[in-house]
Amino acid sequence: MRKPSVSNLPFVGMTSSLAVVHAVSLVVAGCDDGSGSAQLAAITTVPLRSYYSELETVAEATARIPDAAKHGFGIIRLVTPDDLHTPALARFFESAARAGVATRAWLVLSQAEGYWPNEDNLAAFGVAVDAFIAWRAANDAPVDWITFDLEPSWQYTHELIDIASGSTGLDRITDLLALVREHVDAAKFAESRVALGGILARVHAAGMRAHCVTYPMVLDDLADGDDDIQDGLDVPVRGLAWDEVSFMTYRSALALYATEPFGPAMFADYARDAVAAFGSRAALDLGVIGADPITGAIGYTDPAALAEDLTAAIAGGVATVHLYSLERAAAESDASAWFTVEATPGAPVPPPDSGTTALRGIFSLLDDVLVQ
C-alpha cells in the first residue's frame, strides 16, 4: 500500500533562504509494508521556484535532480502516454523524492491530438489522466500533482502565433479577434467544463492535486463575469476545483502581441489579478530562458532580468512561480546563475508602465467585443 501523503494539509506561508513554501514538508518518508521494502512519499512542499522540464529525456531530467536539491527548486516533468511504458519515469519520481525535490507530472497528448488539454480533446486527455493514476498506483510512484496545461490545440496555437508575428497594428487586433471568435461556442464550452470537472474529481479521488496552467489573458476575461476569452481559446478555467492556477506570463510570448515595450509592472499586475481571483491558489509562470521553442522569439538572456520580473511577481502577491525551462537553463554557459535566481525580499511593487496598460487593454478589448 502507498504511504499516505500530507497533501490535504492547509497551505501555510513560510519563508526560507531557498524557498517560500505553502505547507509543512514531508521530505522523504520510509514505510515498511511488511515486505521489508521502504516506500517513498511525495514531497508536499510547494517551493517558490519550479522549473518545467519538456524538451529533454526523462533520464536527462533525472540527472538535474542534484541541482534541484542543491538550489531548492522543484521540477514539473512532461509525461507522455508512452512514458508510462518505460522504467525511467518511475526512477525520476523516486530519485526526486529521495533527494527531497518536489515534482509534478505534466501530462500531454500527441501533437495530432492537440498536445495540450483543451475543449476539443478532453475525452482523450481523460484517458491519459486515468492511465497515469493507474500507473502511479501500480508503481507506488511518489508524485501527488498533475499539471493540466490548458492551451488551444497545437494547430490553433500556431494559427494564433502566425497572426501575432505576421500582422501589425489594427490588423493584428482584427485578425486575432476573427480567429478567436470562430472558436466561441457556448454550448460546447459548457460541456467541456463539465467534462474537465469530472476528470478533476477522479484526480482528487486518487488523493492527488490538480495544477492548472493557462494563458494570462484568462485573467483579463474574469472581471466582467463572462467566459468569452476562455471560450474563444477553448480553455475552461473558471469554476473548477483547481488546487493551483498559474498563468504563463512569458515575456517572449507577450512581446508578440505588445504594441510597445513593457517592464516588470506587467508581472506585478497579473500577479495581483491572479491573487484577487484565486487567492492562495494563484501562481505565475515566467519565461522563456533563451529562445522560445515554438515561436523562436528570444526571451531571457540575463539571469538578472529574470530576477527582476520574479521580484515583481512576488511583490504582486503570488508565493509560487514556475520557470520555463529546466533544459534551457541547464544549457546556458553559467547554469548555476539561472538555478539560483531569487526575488529581492521586501521589494516594492513596480510602478505601472504604458506598455503593460496598452497590452492588457488589447486583451480587455478582445473580451469586450467577443459575443457568445
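The values are calculated or read from the model by the stated rules, or taken from the named source; none is laboratory data. Small disclaimer: the values here were computed from a predicted structure and weren't measured. A quick note on method: Cβ atoms are made from the backbone with ideal geometry, for glycine too, and the neighbour counts reach across all protein chains shown.
Among the residues of the stretch 207-244, what is the count of those that are touching a helix residue (DSSP H, G or I) at 6+ places or on another chain (Cβ under 6 Å), more than 21 Å from residue 120 (Cβ to Cβ) and either hydrophobic (A, V, I, L, M, F, W, C) or free of Cβ contacts under 8 Å to residues at least 12 places away in the same chain (or both)?
Count: 3.
Are there any pairs, at least 6 apart or on different chains, whose C-beta atoms fall under 6 Å, with the first in the stretch 65-79 and over 13 Å from residue 336 (Cβ atoms) and the second assigned to a helix (DSSP H, G or I) and among the acidic types (Asp, Glu), and if so, which?
Hits for this filter: zero, empty list.
Give all pairs with beta carbons closer than 6 Å in which a residue from the stretch 273-288 that is farther than 10 Å from residue 319 by Cβ and in contact (Cβ under 8 Å) with a residue 24 or more places away in the chain meets a residue that is part of a helix (DSSP H, G or I) and of a type in the set (D, E, K, R); count only pairs at least 6 apart in sequence or on separate chains.
From residues that are farther than 10 Å from residue 319 by Cβ and in contact (Cβ under 8 Å) with a residue 24 or more places away in the chain, the pairs are 286/309.
Going by the conditions given, is residue 238 surrounded by fewer than 23 Cβ atoms within 10 Å (Cβ to Cβ), touching a strand residue (DSSP E or B) at 6+ places or on another chain (Cβ under 7 Å) and of a type in the set (Lys, Arg)?
No; evaluated as a whole, the condition is false for this residue.
From the list 302, 243, 231, pick out the single residue that is at pLDDT 95 or above, buried (at least 23 other Cβ atoms within 10 Å of the Cβ) and either of a type outside the set (A, V, I, L, M) or over 18 Å from the mean Cα position of the chain (by Cα) (or both). So that I can check it myself, show each step before the final result.
On the way: 302 fails: buried (at least 23 other Cβ atoms within 10 Å of the Cβ); 243 fails: buried (at least 23 other Cβ atoms within 10 Å of the Cβ).
Every option except 231 fails the conditions.
Give the number of residues within the stretch 42-71 that are touching a Leu at 6+ places or on another chain (Cβ under 9 Å), modelled with pLDDT of 95 or more and hydroxyl-bearing (Ser, Thr, Tyr).
4
Quick check: anything in the stretch 147-159 closer than 20 Å to residue 41 by Cα and either among the aromatic types (Phe, Trp, Tyr) or touching a Cys at 6+ places or on another chain (Cβ under 7 Å) (or both)?
no
Sort out which residues of the stretch 139-198 are buried (at least 17 other Cβ atoms within 10 Å of the Cβ), of a type in the set (Val, Ile, Thr) and free of Cβ contacts under 8 Å to residues at least 24 places away in the same chain, and write them in order of number.
Selection gives 163 alone.
Please work out if residue 84 is farther than 22 Å from residue 153 by Cα and either outside any loop (DSSP other than H, G, I, E, B) or over 21 Å from the mean Cα position of the chain (by Cα) (or both).
Values: farther than 22 Å from residue 153 by Cα: yes; either outside any loop (DSSP other than H, G, I, E, B) or over 21 Å from the mean Cα position of the chain (by Cα) (or both): yes.
In short, yes.
Could you run through the stretch 110-131 and say how many residues are over 19 Å from residue 188 (Cβ atoms) and hydrophobic (A, V, I, L, M, F, W, C)?
Summing the residues that are over 19 Å from residue 188 (Cβ atoms) and hydrophobic (A, V, I, L, M, F, W, C) in the stretch 110-131 gives 5.
Kindly indicate the residue of the stretch 310-364 that is part of a helix (DSSP H, G or I), within 22 Å of the chain's Cα centre (by Cα) and not hydrophobic (A, V, I, L, M, F, W, C) and also nearest to residue 56 (Cα to Cα) among those meeting that condition.
Going through the qualifying residues, I end up with 327.
Considering only residues of the stretch 45-81 that are assigned to a helix (DSSP H, G or I) and of a type in the set (Asp, Glu), which is farthest from residue 125 (Cα to Cα)?
Step by step, filter the stretch 45-81, then rank; the result is 67.
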